[in-house]
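Here is the structure we will look at.
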Amino acid sequence: MNDAFLRACRREPADRIPVWFMRQAGRCLPEYRELRAQHEMFDVMASAELTALVTQQPVKRFGVDAAVIFSDIVAPLSAAGIDVKLVADVGPVFANPVRTAADVHALPRLADPSSSMAGLLGGIKQVAETDTVPVIGFCGGPFTLASYLVEGGPSREYAKTKALMLGAPDVWNALMEALTDIAATSLLAQIDAGASAIQIFDSWVGALDPDTYRRYAMPATHAVLEAVATRGVPRIVFGVSTGELLPLFAEAGADVVGVDWRVPLDLARARVGPHVAVQGNLDPAVCLAGWPAVQAEAQRVIDAAGSSPGHVFNLGWGVLPATDPDVLTQLVDWVHQQQPPTESM
Ligand code: CP3
């Protein structure tokens with residue numbers, strides 16, 4: 001198996017700079033759109049065969065060094081029995097938003113992932129068995145999942161979420177505990193199915209300042225990371241606009257921090273210290289600007305990542321749907337031609 005990605009996560013020298021892209025499955029791929037014209041999102045997720053197929057599409061086309069399993073952060077909530085729909089051009093929408101202590105206490109747990117998440121786990125198993133590249137399992141961060149549950153859907157201000165967090169901290173803590181349990185159960189099942197790294201997508205936690213993060217969100221993230229620690233797989237934590245939170249991601253126990261494009265990687269490395277790897281951080285919009293711009297900006301990312309092992313090349317957030325897939329193929333080739341860091345730490 002190509003282990004460049006796992007080596008970089010562990011800050012070991014590798015024979016190439018590894019690269020994968022957040023949201024590399026789906027989104028910009030015509031072969032994915034063709035498949036989705038025939039199958040709803042939840043139907044893809046319910047099928048191990050379709051999950052494996054879609055997960056491998058970007059591996060085959062782009063030549064990336066890792067396969068992120070095709071699913072969604074709300075899939076474990078749905079598997080637990082919570083009523084959530086993925087509405088086209090909107091996102092996850094919950095029939096019964098969670099706002100009170102009674103709502104939180106009524107939340108189900110993820111009792112039997114081997115049957116309720118059979119598509120996801122079977123898909124991981126199938127991709128892992130091909131033994132080409134590592135499979136990355138993932139979950140939503142507790143804050144991010146809570147934001148969908150409390151708001152009832154996507155949000156810009158997270159006003160109801162923050163009001164609950166600050167106004168009813170006991171209810172909030174109980175919600176964090178329920179979501180920690182669901183996320184950890186899901187990740188453990190994914191690792192047991194064959195995922196050899198995991199990522200917590202706490203996409204919206206950048207809405208918090210560092211003190212608030214430390215108090216209300218970090219304990220749950222720490223607990224999820226701790227729950228899988230004994231499995232020994234690299235654990236990545238990512239969120240959008242989280243430059244000020246990067247040191248706290250490291251303190252929470254991340255082995256790798258995902259960095260969006262707002263913070264250069266040399267600064268990110270200074271913030272997280274020498275014992276944590278970094279992942280990122282090309283602005284996904286750059287991929288729409290033509291190859292000369294893509295190459296110049298990718299060079300800047302690699303230069304800022306420095307000469308110590310421990311950089312996984314990625315975008316600073318997910319692939320934009322308008323991206324030309326050929327640009328991503330060219331980018332992977334180009335990154336693989338660059339000299340990887342050799343200096344051991
Ligand atoms: O982008 C991120 O911040 C990553 C974390 C995240 C995912 N889903 C992971 C994911 C978040 C915040 C979501 C919520 C979600 N789910 C949204 C965003 C809504 C908002 O608040 O703005 C949407 C539109 C969905 C529904 C969804 N998820 C669709 C329609 C698809 C398939 C097509 C696509 O857009 O990729 C997904 C797949 C999905 N969600 C993946 C992941 C990691 C798998 C795709 C991949 O990894 O390449």
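The values are calculated or read from the model by the stated rules, or taken from the named source; none is laboratory data. Quick caveat, the model's predicted, so the values are computed rather than measured. We place every Cβ from the backbone using ideal geometry, glycine too, and count neighbours over all the protein chains shown. These area figures cover heavy atoms from the full protein model, side chains too; ligands, DNA and RNA do not enter into them. Shrake-Rupley method; radii C 1.70, N 1.55, O 1.52, S 1.80 Å.
If a residue must be farther than 26 Å from Arg235 by Cα and within 11 Å of the ligand (Cβ to nearest atom), how many such residues does the stretch 131-153 contain? Residues that pass the stated criteria total 2.
From the residues in the stretch 85-109 that are within 15 Å of the ligand (Cβ to nearest atom) and closer than 21 Å to Thr180 by Cα, which one is farthest from the chain's Cα centre (by Cα)? Working first, answer last.
If we filter the stretch 85-109 for residues that are within 15 Å of the ligand (Cβ to nearest atom), which is where we start, we get 85-94, 97.
Adding the requirement that they be closer than 21 Å to Thr180 by Cα leaves 92-94, 97.
Values: Pro92: 16, Val93: 20, Phe94: 21, Pro97: 24 Å.
Ranking the qualifying residues of the stretch 85-109, first place goes to Pro97.
Anything in the stretch 130-141 that is at pLDDT below 95 and buried (at least 18 other Cβ atoms within 10 Å of the Cβ)? List them, or say none. Matches in the stretch 130-141: none. For the stretch 220-242, the set of residues classified as surrounded by 16 or more Cβ atoms within 10 Å (Cβ to Cβ), in a helix (DSSP H, G or I) and away from the ligand (no atom under 16 Å from the Cβ) consists of Ala220, His222, Ala223, Leu225, Ala227, Val228, listed by residue number.
Can you confirm whether Val127 is crowded, with 19+ Cβ neighbours inside 10 Å, among the hydrophobic types (A, V, I, L, M, F, W, C), within 13 Å of Gly194 (Cβ to Cβ) and in contact with a Ser or Thr (Cβ under 9 Å, 6 or more places away or on another chain)? So Val127 fits the description; yes.
The residue that is farthest from Met45 (Cα to Cα), counting only those in the stretch 101-117 that are touching a residue at least 60 places away in the same chain (Cβ under 8 Å) and open to solvent by 50 Å² or more (accessible area, probe 1.4 Å), is His105. Residue count for the stretch 55-79 under the criterion of being near the ligand (Cβ under 8 Å from one of its atoms) and aliphatic (A, V, I, L, M): the result is 4. Among the residues of the stretch 148-173, those that are under 18 Å from Pro76 (Cβ atoms) and assigned to a helix (DSSP H, G or I) comprise Tyr148, Leu149, Val150.
Number of residues in the stretch 156-183 that are touching a residue at least 12 places away in the same chain (Cβ under 8 Å), of a type in the set (Gly, Ala, Ser) and open to solvent by 10 Å² or more (accessible area, probe 1.4 Å) equals 2.
The number of residues in the stretch 190-208 that are away from the ligand (no atom under 11 Å from the Cβ), over 23 Å from Ser115 (Cβ atoms) and open to solvent by 10 Å² or more (accessible area, probe 1.4 Å) comes to 3.
Please work out if Pro284 is more than 18 Å from Thr144 (Cβ to Cβ), more than 17 Å from the chain's Cα centre (by Cα), modelled with pLDDT of 95 or more and of a type outside the set (Lys, Arg). Considered against the rule, which asks whether it is more than 18 Å from Thr144 (Cβ to Cβ), more than 17 Å from the chain's Cα centre (by Cα), modelled with pLDDT of 95 or more and of a type outside the set (Lys, Arg), Pro284 comes out as no.
Among the numbered criteria (1) surrounded by fewer than 23 Cβ atoms within 10 Å (Cβ to Cβ); (2) in contact with a Cys (Cβ under 9 Å, 6 or more places away or on another chain), which one does Leu187 miss? Failing condition for Leu187: (1).
Would you confirm whether or not the stretch 309-324 contains a residue that is modelled with pLDDT of 95 or more, in a helix (DSSP H, G or I) and farther than 30 Å from Ala189 by Cα?
We begin by selecting, within the stretch 309-324, every residue modelled with pLDDT of 95 or more; these are 309-324.
Subset that is in a helix (DSSP H, G or I): none.
No - not one qualifying residue is present in the stretch 309-324.
Each row is one residue, and each column tells you yes or no for (1) within 15 Å of Phe313 (Cα to Cα); (2) open to solvent by less than 50 Å² (accessible area, probe 1.4 Å); (3) in a helix (DSSP H, G or I).
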| position | (1), (2), (3) |
| --- | --- |
| Ala250 | no, yes, yes |
| Val257 | yes, yes, no |
| Trp261 | yes, no, no |
| Leu267 | no, no, yes |
| Ala270 | no, no, yes |
| Val278 | yes, yes, no |
| Asn281 | yes, yes, no |
| Cys287 | yes, yes, yes |
| Gln295 | yes, no, yes |
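Cβ-Cβ distances below 9 Å connect the following pairs, each with a first residue in the stretch 123-146 that is within 21 Å of Gly253 (Cβ to Cβ), a second residue that is assigned to a helix (DSSP H, G or I) and of a type in the set (Phe, Trp, Tyr), and a separation of six or more residues or different chains: Pro134/Phe5; Ile136/Phe5; Gly140/Tyr148; Phe143/Tyr213; Phe143/Tyr216; Ala146/Trp172. The test for being near the ligand (Cβ under 10 Å from one of its atoms) and crowded, with 16+ Cβ neighbours inside 10 Å does not hold for Ile82. Filtering the stretch 61-90 to residues that are on the phi > 0 side of the Ramachandran plot and of a type in the set (D, E, K, R) leaves only Asp89.
Annotation note: Cβ proximity below 7 Å between a residue of the stretch 291-310 that is charged (D, E, K, R) and a residue that is part of a helix (DSSP H, G or I) and open to solvent by less than 40 Å² (accessible area, probe 1.4 Å) (sequence gap 6+ or interchain) occurs for Glu297/Val286.
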